[in-house]
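S.K.: This is the structure I have questions about; it appears just below.
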Amino acid sequence: MILKMPAVALRGMVILPGMIAHFDVSREKSIKAVENCMMDAQKIFLVAQRDVEQDEPSVGDLYKIGVIAEVKQVIKLQNNIVRILVEGLERAELYSLAWTEPYLLAEIIRFDDAMDEGLSDEAKTAMLRSIQETYRKYQTVNPRAGKELLRQLGELTDLERLIDQVAHNLPVGYDEKQKVLEAVSITERYEVLMAILLKEIEITAIKNEFQAKVKERVDQNQKEYILREQMKLIREELGEDNTESDADGYLQTLGKLKAGKEVKERIKKEIDRFRNISPNSSESTVSRGYIETLLELPWNKASVDNKDIKNAERILEEDHYGLEKVKERMLEFLAVRNLTKKGESPIICLVGPPGTGKTSIARSVARALDKKYVRICLGGVRDEAEIRGHRRTYVGAMPGRIVNGIKSAGVKNPLMLLDEIDKMSSDYKGDTASALLEVLDSEQNSKFRDHYVEIPIDLSEVLFIATANSVQTIPRPLLDRMELIEVSSYTENEKVHIAKEHLMEKQLERNGLEAKQLTVSDSALQKIISSYVKEAGVRSLERKLGEIARKAAREIYEGNKTCVKITAQNLEKYLGKEKYSFDRKNDTDEIGIVRGLAWTSVGGDTLEIEVNVMPGKGEFQLTGQLGDVMKESAQTGISYIRSISEEYQIPKKFFKENDIHIHIPEGAVPKDGPSAGITMATAMLSAITKTPVRADVAMTGEITLRGRVLPIGGLKEKILAAKNAGIKTVCVPKKNEKDIEEISQEIRKGIEIIFVENLQQVLDIAFVRGE
């Protein structure tokens, strides 16, 4: 029999017979259907939509089986929403929709109660108990089902009601409940429910297993959290609340650190140890400092070098005038690095007088290569721990200067300048130079161990540049590890260029002047260089230019002048009287006076060696604060002269009846070295034989007992000093010929350089022979 009844299409839910539920209705058609049923028998047909998104469902969009329900209560809410309470009465089949406007009117067919009359009572009882037992198992794995519900279901004796109640209380989707609703016969309904119930038991068991595992982990984390909170509280009560937060901060920093696995494991181990140390103990401070040092070191962090060789050449030329060998070596290094993609970083030692730009060229090289620049001054360092660090067992221990330099650079491949490497010393604590052997050995420094850090540090990518004024005090093994580049004294012409292109610009900026406000003529610069400073480099020259700039700044500020021009004529007004004058060559040829050449730390100089012969007992006297080597050189010279005395008609008794006195002026200045050997021998022979020596001749060279002339050093500075003194001829050892070829033509111009192999050749040039 077909019945007509108002219908509501349910979205996402299914109502089963015997089930009481409430739901909200918002569609206009559904509200009108509810209103219509309330005016009649309060019966309504509820059927689920197949697609919950469908707003205007047709017959095909609805399930075939629904439920006839009684509307118990209707409540109108805001926004045109109606909440209704219904009770499911019985299943019914949707035959068709009589109309869809203004509400859904369904034509339904009730099911015949005689469909399950064939089942025996025993079969129904068996089904009943089976469902109850299975649900009991479900309740065991899912305690949320509740014992009260289990008790209520256990008391039910109506199989049909039990099935619907169990299906209603299962946490399954509406599509699963729809399957139960569509199972019209009891047998079919039982099979569908049991399948769902067993499936839920299995799903719940698996879920519980996963939850147990998760819970175990969560419990462990929770336990740790609670213990940490308790420790935190205890530490706060004891006034030790920062340790834990510091340790957590270290761990966060460690996570971001670019370092190898071994390094990270070592730091992690140290952090864990730090957690368990009382902050009030001295060990806590030591551990904290150690961890912070390790975290600040750039283990695998490197800067990217600028590979543009033209750019590097431009920067080096901009910053420094001259120093061609240094520039050439840096550009070679860059070319090799670009070709090999790696290339060993060279270890270079720049040797030269003070003020010649050794330190500043290193800074320019760093700028040209885009490297971080670190300067380590080794002057006066005498403790090996300054290089290798102190062991952490000592109070106040810290890393060595090398590791501190790497840390301050922030990258593992900076340019590291080891300044004044020749000024290191050693004491009972250790030899500093020996500690540097590993640092400056490219075969070993990839695993450099600092006593404080205790983890190997890679120094192979560091570009080391050392500076020294002399190689004499550098130990041989250390010297052997470095590539020596000599930075010689500047010529007068080079100093003029440097002053014009670099020093003037710097002093103008420092003193707040513009280029048009202060000009210094070339003649004034040359006069400053020759008469106001005496040096190999340009430091004193820069100070003199600074003095001029300060006085000019005052004149301009006071309004006396708008611009200042410095010339050779008005220079005395700004710098005072001339301080230096070169010892010019003597005007006349004299007996017993010979011009020698010397190398000093501030450049070359000329020495006028004087010899007097007087009646006496054959004594030999040396004055002028001479060193042992120089005294021995004079003894060698007189021995050679005595051996050739017959050739110069010197009486045999001469050396017994006369005293010989050698004096080198400027007695307050210490002098040493063998290079004045031929000069002293020539002066002595001149005084003994009364032979004048040419005033325009200077000489340098070591003499042997047989009169041979041996090579010496510092030739560039010596030739420069001879040129400034007006000397025309210079005698140089034959074996120094290769060194002379390296001296620029600018210095050699105007001087005749004669190479000699023995003293006789020197005498032939220097003595003024009678007609």
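The values are calculated or read from the model by the stated rules, or taken from the named source; none is laboratory data. Keep in mind that this is a model prediction, so the values were computed, not measured. Glycine gets a Cβ as well: all are built from the backbone with ideal geometry, and neighbour counts include every protein chain shown. Just the protein is used for accessible areas: all its heavy atoms, side chains included, with ligands, DNA and RNA removed. Shrake-Rupley method; radii C 1.70, N 1.55, O 1.52, S 1.80 Å.
S.K.: Right, Glu188: under 25 Å from Val67 (Cα atoms), open to solvent by 40 Å² or more (accessible area, probe 1.4 Å) and in contact with a strand residue (DSSP E or B) (Cβ under 8 Å, 6 or more places away or on another chain) or not? Can you show your working first?
M.R.: Working: under 25 Å from Val67 (Cα atoms): yes; open to solvent by 40 Å² or more (accessible area, probe 1.4 Å): yes; in contact with a strand residue (DSSP E or B) (Cβ under 8 Å, 6 or more places away or on another chain): no.
Answer is no for this residue.
S.K.: Among the helices (runs of 4 or more DSSP H) lying completely within the stretch 422-530, list those that include at least 3 residues that are under 35 Å from the mean Cα position of the chain (by Cα) and surrounded by fewer than 18 Cβ atoms within 10 Å (Cβ to Cβ). Steps first, answer last, please.
M.R.: Values: elements: 432-439, 476-480, 492-498, 504-510.
Where helices (runs of 4 or more DSSP H) fall fully within the stretch 422-530 and carry at least 3 residues being under 35 Å from the mean Cα position of the chain (by Cα) and surrounded by fewer than 18 Cβ atoms within 10 Å (Cβ to Cβ), they are 476-480, 504-510.
S.K.: Collect the residues in the stretch 277-298 that are open to solvent by 60 Å² or more (accessible area, probe 1.4 Å) and either in contact with a Ser or Thr (Cβ under 7 Å, 6 or more places away or on another chain) or part of a loop (DSSP other than H, G, I, E, B) (or both), keeping them in residue-number order.
M.R.: Hit for the stretch 277-298 is Asn280, nothing else.
S.K.: Across the stretch 718-729, what is the total count of residues that are out of contact with any helix residue (DSSP H, G or I) (no Cβ under 7 Å at 6 or more places or on another chain), crowded, with 22+ Cβ neighbours inside 10 Å and not in a loop (DSSP other than H, G, I, E, B)? I'd like the intermediate steps shown before the answer.
M.R.: So the first thing to find is which residues in the stretch 718-729 are out of contact with any helix residue (DSSP H, G or I) (no Cβ under 7 Å at 6 or more places or on another chain), and the list is 718, 721-722, 724-728.
Next, from what is left, pick out any that are crowded, with 22+ Cβ neighbours inside 10 Å: 718, 721-722, 727.
Okay, now just the ones that are also not in a loop (DSSP other than H, G, I, E, B), so 718, 721-722.
So the count comes out to 3.
S.K.: Filter the stretch 353-378 down to the residues that are open to solvent by less than 40 Å² (accessible area, probe 1.4 Å) and part of a loop (DSSP other than H, G, I, E, B) and list them by number.
M.R.: Selection gives Pro353, Gly355, Thr356, Gly357, Lys371, Leu378.
S.K.: Glu133: open to solvent by 40 Å² or more (accessible area, probe 1.4 Å) and modelled with pLDDT of 75 or more, yes or no? Write out each step before concluding.
M.R.: On the way: open to solvent by 40 Å² or more (accessible area, probe 1.4 Å): yes; modelled with pLDDT of 75 or more: yes.
Yes; evaluated as a whole, the condition is true for this residue.
S.K.: Return the only residue of Lys325, Lys301 being open to solvent by 40 Å² or more (accessible area, probe 1.4 Å) and over 30 Å from Gly714 (Cβ atoms). Give the derivation first.
M.R.: On the way: Lys325 fails: over 30 Å from Gly714 (Cβ atoms).
It is Lys301.
S.K.: Follow-up question, since we're still on this one. As an exercise: evaluate Glu610 against (1) without any contact (Cβ under 8 Å) to a residue 60 or more places away in the chain; (2) more than 51 Å from the chain's Cα centre (by Cα) and give the number of the one condition it does not meet.
M.R.: Tallying (1) without any contact (Cβ under 8 Å) to a residue 60 or more places away in the chain; (2) more than 51 Å from the chain's Cα centre (by Cα), Glu610 fails exactly one: (1).
S.K.: Moving on to the next point. In the set Ile75, Ile68, which member is farther than 21 Å from Leu181 by Cβ, in contact with a Leu (Cβ under 9 Å, 6 or more places away or on another chain), at pLDDT 85 or above and part of a strand (DSSP E or B)? Lay out the reasoning, then the answer.
M.R.: Working: Ile68 fails: farther than 21 Å from Leu181 by Cβ.
Residue meeting the stated conditions: Ile75.
S.K.: Would you check which residues across the stretch 677-707 are part of a loop (DSSP other than H, G, I, E, B) and open to solvent by 10 Å² or more (accessible area, probe 1.4 Å) and list them? Step through it out loud before you land on a result.
M.R.: As a first pass, look at the stretch 677-707 and keep what is part of a loop (DSSP other than H, G, I, E, B): 690-691, 694-696, 700-701, 704-707.
Hits for the stretch 677-707 are Lys690, Thr691, Arg694, Ala695, Asp696, Thr704, Leu705, Arg706.
S.K.: Do the conditions hold for Ile309, that is, is it open to solvent by less than 70 Å² (accessible area, probe 1.4 Å), touching an Asp or Glu at 6+ places or on another chain (Cβ under 8 Å) and among the β-branched types (Val, Ile, Thr)? Explain how you work it out, then say what you get.
M.R.: On the way: open to solvent by less than 70 Å² (accessible area, probe 1.4 Å): yes; touching an Asp or Glu at 6+ places or on another chain (Cβ under 8 Å): no; among the β-branched types (Val, Ile, Thr): yes.
Spelling it out, it is not the case that Ile309 is open to solvent by less than 70 Å² (accessible area, probe 1.4 Å), touching an Asp or Glu at 6+ places or on another chain (Cβ under 8 Å) and among the β-branched types (Val, Ile, Thr).
S.K.: Filter the stretch 606-637 down to residues that are of a type in the set (D, E, K, R) and in contact with a Lys or Arg (Cβ under 9 Å, 6 or more places away or on another chain) and give me whichever is nearest to Asp589 (Cα to Cα). Full working, then the answer.
M.R.: Residues of the stretch 606-637 of a type in the set (D, E, K, R): 608, 610, 617, 619, 628, 631-632.
In the following step, the residues that additionally are in contact with a Lys or Arg (Cβ under 9 Å, 6 or more places away or on another chain) were identified as 608, 617.
Working: Glu608: 13, Lys617: 29 Å.
This residue is Glu608.
S.K.: Tally time: how many residues in the stretch 609-647 are open to solvent by less than 90 Å² (accessible area, probe 1.4 Å) and either in a strand (DSSP E or B) or of a type in the set (Gly, Ala, Ser) (or both)?
M.R.: 19
S.K.: Let me ask something else. Determine if the stretch 328-335 includes at least one residue that is within 23 Å of Ser446 (Cβ to Cβ) and in contact with a His (Cβ under 9 Å, 6 or more places away or on another chain).
M.R.: no
S.K.: Moving to a separate point now. Mind checking which pairs have a first residue in the stretch 9-22 that is closer than 19 Å to Gly60 by Cβ and at pLDDT 85 or above and a second that is of a type in the set (Gly, Ala, Ser) and crowded, with 16+ Cβ neighbours inside 10 Å, Cβ under 6 Å, 6 or more apart or different chains?
M.R.: Leu10/Ala48; Val14/Ala48
S.K.: Check the stretch 659-676 and report whether any residue there is of a type outside the set (Ser, Thr, Tyr), modelled with pLDDT under 90 and closer than 17 Å to Val756 by Cβ.
M.R.: Checked the stretch 659-676: at least one residue is of a type outside the set (Ser, Thr, Tyr), modelled with pLDDT under 90 and closer than 17 Å to Val756 by Cβ.
S.K.: So which residues in the stretch 1-45 are surrounded by 14 or more Cβ atoms within 10 Å (Cβ to Cβ) and assigned to a loop (DSSP other than H, G, I, E, B), if there are any at all?
M.R.: Arg11, Met13, Val14, Ile15, Leu16, Pro17, Gly18, Met19, Arg27, Gln42
S.K.: Going through Lys358, Lys310, Lys327 one at a time, which residue ends up being free of Cβ contacts under 8 Å to residues at least 12 places away in the same chain and farther than 30 Å from Glu454 by Cβ?
M.R.: Numbers: Lys358 fails: free of Cβ contacts under 8 Å to residues at least 12 places away in the same chain; Lys327 fails: free of Cβ contacts under 8 Å to residues at least 12 places away in the same chain.
Lys310 is the lone residue from the list that is free of Cβ contacts under 8 Å to residues at least 12 places away in the same chain and farther than 30 Å from Glu454 by Cβ.
S.K.: Quick one: how many residues across the stretch 161-185 are in contact with an Asp or Glu (Cβ under 8 Å, 6 or more places away or on another chain) and open to solvent by 50 Å² or more (accessible area, probe 1.4 Å)?
M.R.: Count: 1.
S.K.: Can you say whether Asp55 is assigned to a loop (DSSP other than H, G, I, E, B) and open to solvent by 30 Å² or more (accessible area, probe 1.4 Å), as far as the supplied structure shows?
M.R.: Taking the combined requirement at face value, the residue satisfies it.
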